[in-house]
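Report on the structure given below.
The values are calculated or read from the model by the stated rules, or taken from the named source; none is laboratory data. Being a predicted model, the structure only gives us computed values, none of them experimental. Backbone-built Cβ (ideal geometry, glycine too); neighbour counts: all protein chains shown. The accessibility values were calculated without ligands, DNA or RNA, using every heavy atom of the protein model including side chains. Shrake-Rupley method; radii C 1.70, N 1.55, O 1.52, S 1.80 Å.
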Amino acid sequence: MERLADLPLRLPVEREGCRHAYHVYGTRVEEREGVLEAFEAAGIGYALHYPKPAHRQPALARWGLNDISTPVSDEAAKQILGLPIHPTLSDEQIGYVCDVLAEALVR
């Protein structure tokens, strides 16, 4: 997490008295498309958790929720990016992800 601290992205937060499970390392990146392109070019996997807000999912369409205004949810859906996380990632692999991410964000 220290390698990402100075980059223009929002990182997971651990509140006092709580501990994050880190089953997903979800971040928020304003210019996500550029990061996705860099990751794909570098062969780095990623996840887009909830690429559409819950109220815009097909399962909820019958309730007409697609038409409501939810600017915060819509913006978050465009920014959320799950970085690679797995107990078997080596320090070298983690460093590579951090380097590619940093380069994509400071362009």
Near pairs, Cβ below 8 angstrom, 6+ apart or cross-chain, from the range 15-36 (on the phi > 0 side of the Ramachandran plot) to any residue that is assigned to a loop (DSSP other than H, G, I, E, B) and open to solvent by less than 60 Å² (accessible area, probe 1.4 Å)
Tyr22/Pro12
Flagged in the range 66-79 as out of contact with any strand residue (DSSP E or B) (no Cβ under 6 Å at 6 or more places or on another chain) and closer than 15 Å to Leu48 by Cβ, in numbering order, are Ser73, Asp74, Glu75, Ala76, Ala77, Lys78
What about Ile68, is it surrounded by 10 or more Cβ atoms within 10 Å (Cβ to Cβ) and more than 18 Å from Glu2 (Cα to Cα)?
yes
Sole exception among (1) in a helix (DSSP H, G or I); (2) closer than 21 Å to Arg3 by Cα for Arg107, by number:
(1)
Answer yes or no: is there a residue in the range 83-98 that is open to solvent by 40 Å² or more (accessible area, probe 1.4 Å), modelled with pLDDT of 90 or more, out of contact with any strand residue (DSSP E or B) (no Cβ under 6 Å at 6 or more places or on another chain) and among the aromatic types (Phe, Trp, Tyr).
yes
When you scan the range 1-56, how many residues do you find that are open to solvent by 30 Å² or more (accessible area, probe 1.4 Å), farther than 23 Å from Pro71 by Cα, of a type outside the set (Ser, Thr, Tyr) and not in a helix (DSSP H, G or I)?
15
Going by what's in this entry, would Glu2 be described as of a type in the set (Asp, Glu), within 20 Å of Ala104 (Cα to Cα) and under 11 Å from the mean Cα position of the chain (by Cα)?
no
